[in-house]
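Nothing in this text is a laboratory measurement; each read-out follows from the coordinates by a stated rule. Treat the numbers as computed from the prediction; the structure is a model and nothing was measured. Positions of Cβ are backbone-derived with ideal geometry, glycine not excepted, and every protein chain shown enters the neighbour counts.
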Amino acid sequence: MFIDPGINTQDVFDGLIVFHALTRCDTVSSLCSKGKWRTLQLIIKNQKYVQAMKELRKQWVVTEEKFIVIDELFLTCMEREVQA
């Protein structure tokens, strides 16, 4: 796993449970028709995605700011699907 140099590895680990929940746990193996691995690669290259996942793990309160970040992640996944 290649985490961007400016991103704290522990923050990524702290947010993995949220990533797992957002990708529908084990019942669905993909997000936006992409495997979990590709989606995780998007997350670990963007500090705001990592931070949103970490904060959601601490408290499952979706503020407007967190919603916008998670929505951007989903839209980025869908955009990549359209381009593929």
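Okay, here's what the table says:
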{"quantity": "Approximate spin-label separation Gln47-Ala21, in nm, with each point projected 7 Å along Cα-to-Cβ", "calculated": "2.5 nm"}
{"quantity": "Cβ-based exposure ranking for Glu72, Glu55, in which fewest neighbours within 10 Å come first", "calculated": "Glu72, Glu55"}
